[in-house]
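Working notes, structure below.
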Amino acid sequence: ATGWGAFAANAYNRSSGVGSVALGFHTMAGKPDVDQNGITGDNIGQFSVGWSVRATGNRAFASGHRTVASGSDAVAMGNWSYATGDSTISLGKENWAEGASTVAIGFKNHAAGGGSTALGQENVSWGTTNFTAGYQNIAGDINAPVGTAGSATAIGHGTLASGRSSFSANKYTSAINQASASLGLGTTADNFGMLAVGVNNAAGIGDTSIDPNDYGGYYYADGEYTGTNPGVAFVVGNGDVNSSTGSAGDNPSNAFIVNYDGSATLAGELTVESDTRLKTNITTLGNTLSKLLLIDGKSYTMKSNEAIEKIGLLAQEVQKAFPELVKQAEDAEGTLSINYQGMIPVLINAIKEQQIEIQRLMNKLKTR
């Protein structure tokens, strides 16, 4: 015991810090090769107990077998666990908590970057305020410097959340763009703010040429369209699984896709309830042809994505002829939308009306 007010007991222990305590076998409490005889605050209050443990940071605590608490106010307990950053906690076996205020608990977890947490087994939280829990999950971009891709969360088994503020959960899912989320089995969310659910969706639908941590990766910023492909906002995957590994198979596919420009793609059939027993006040539409003549089909591009030409109707024109088919949104602009499915009975009645006229003309020709 070489430090002022220090205490050491048992065999081969060294307490060099002020008020430090070293117990057990071959333990160290205080900075190596420093004898502190005065209270200066730069080597003080360490506590070590166990076998070959080291508590070298100010007010650090180390216990167990070959643990190291080298950061100030750090705690390392268990077997071969390291708490090297200030105010870090490393508990269990072969865990490493580096960077300020990080936590690593369990087996072979690594928490790096300020405020990151890794819980469970073989998890990595690489970046600021990232969080992992479960088995073999990664939060943060491990190919980038510590501190990038912050506030990411990865939980479950084999998940990856590498985008800033991204979230992945369940099994072998990946959220690799900013504010993206991936749930299910083998799903990938690679577009800005995208949500992927289900099983093994087809990825590669985000704009990978843009930094995923840059807000310019989103197609609409500060009231202006950036020119970036809007891409996918939501996808349901229905690809295959590898039954031998429990991971995604070699045949990814999508059951349902919703894009940021409002377009959607459904792999199967869309059915809508239309049971007579659910309806009341049923009447015929009657003749609809004259109203249809008030509507003209248009080609156009959306302001949000002028690269794609579309064909459709203008809600204002439809509203004049069939107001029942137009709905006004509860937004500041009162945006109008069309019930295109509701156009089907209108077209049916118009065809029937035309057919009656055609038959009348044919009968008239026969009488001549």
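A short reminder: the numbers here are calculations on the coordinates, not readings from a lab. Quick caveat, the model's predicted, so the values are computed rather than measured. Don't worry about glycine lacking a Cβ; one is built from the backbone with ideal geometry, like all the others, and counts go over all protein chains shown.
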Residues TRP96, TRP126 arranged by fewest to most Cβ contacts within 10 Å: TRP96, TRP126
Any idea what Rg and Dmax come out to for region 291-366 if you just take the C-alpha atoms, in Å? 16.9, 60
Expressed in angstrom and rounded, the centroid-to-centroid distance over alpha carbons for region 299-368 and region 219-244 is 31 Å
Set Lys and Arg Cβ to +1 and Asp and Glu Cβ to -1, take the dipole of the chain about its Cα centre, and tell me which of GLY239, PHE7, THR276 lies farthest positive. THR276
DSSP beta bridge pairing in the chain, given as percent antiparallel to the nearest 5: 20 percent
Can you tell which of ALA315, ALA175, ALA104 shows the greatest fluctuation in a Gaussian network model of the chain with Cα springs below 10 Å? ALA315
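Sort SER101, SER253 so the one with the fewest other Cβ atoms within 10 Å of its own Cβ comes first. Before the final figure, lay out the partial values.
Working: SER101 19, SER253 14.
Ordered by Cβ neighbours within 10 Å, fewest first: SER253, SER101.
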Give the residues of region 348-362 whose amide nitrogen is closer than 14 Å to a point set 7 Å from the Cα of ILE295 in the direction of its Cβ. 348-351
Under a cut-off of 18 Å between alpha-carbon atoms, report the lysines in cross-link reach of LYS310, not counting same-chain residues fewer than 8 places apart. LYS298
Answer in debye to the nearest 20: the dipole magnitude of region 196-342 about its Cα centre, from +1 Lys/Arg and -1 Asp/Glu charges placed on Cβ, is 740 debye
Which aspartates and glutamates, on any chain, are close to LYS171 with Cα under 17 Å apart, when same-chain ones fewer than 8 places away are left out? GLU122, ASP190, ASP240, ASP250
Amide H proximity to VAL103 below 5 Å, modelled H, separation 5+ or other chain, gives ILE89, SER116, THR117, ALA118
Do you know the relative contact order of the chain, to the nearest whole percent, from alpha carbon pairs under 8 angstrom that are 6+ apart? 5 percent
For LYS364, counting only lysines whose alpha-carbon sits under 19 Å away and dropping same-chain residues fewer than eight positions off, the answer is LYS352
Taking the 0 to 90 degree range and rounding to the nearest ten, how far is the long axis of helix 343-366 tilted relative to the main principal axis of the chain, both from C-alpha atoms? 20 degrees
Select from LEU347, ASN363, LEU313 the residue farthest towards the positive end of the dipole of region 291-366; place +1 on Cβ of Lys and Arg, -1 on Cβ of Asp and Glu, and compute about the Cα centre. ASN363
Would you mind checking which residues have amide H under 5 Å from ASP73's amide H? H placed 1.01 Å from N; only 5 or more apart, or other chain. ASN58, ARG59, ALA60, SER87
In whole percent, what relative contact order does region 291-366 give with Cα contacts below 8 Å and a gap of six or more residues? 19 percent
If contacts are Cα pairs under 8 angstrom and at least 6 residues apart, what is the relative contact order of region 9-116 in percent? 14 percent
Quick one, can you get me the convex hull of the C-alpha atoms of the chain expressed as volume per residue in Å³? 228 Å³
For the chain, what is the charge dipole size about the Cα centre, in debye to the nearest 20, if Lys and Arg each add +1 at the Cβ and Asp and Glu each add -1 at the Cβ? 980 debye
Check GLY78: other-chain or 5+ apart residues with amide H under 5 Å from its amide H, H built from backbone geometry? SER63, GLY64, HIS65, GLY92
Rank-order 6-19, 232-245, 43-56 by packing density, defined as the average count of other C-beta atoms within 10 Å over each peptide's residues, highest first. 43-56, 6-19, 232-245
Rounded if a/c is under 1.5, else prolate if a/b beats b/c, else oblate: with a ≥ b ≥ c from the C-alpha gyration tensor eigenvalues square-rooted, which is region 144-199? oblate
Applying the Karplus parametrisation 6.51 cos²θ - 1.76 cosθ + 1.60 with θ = phi - 60° to the phi angles of region 276-282, what ³J(HN,Hα) value in whole Hz is obtained for each residue in order, glycine and proline being reported as x? 3, 5, 8, 10, 9, 6, 7
What is the fewest-to-most order of MET343, MET28, MET194, MET302 by other Cβ atoms lying within 10 Å of their Cβ? MET302, MET343, MET28, MET194
Which longest run of the chain has no exposed loop site in it, a site being GluC sites (Glu not before Pro) in a DSSP loop with at most 14 other beta carbons within 10 Å, and the site itself not part of the run? 1-268
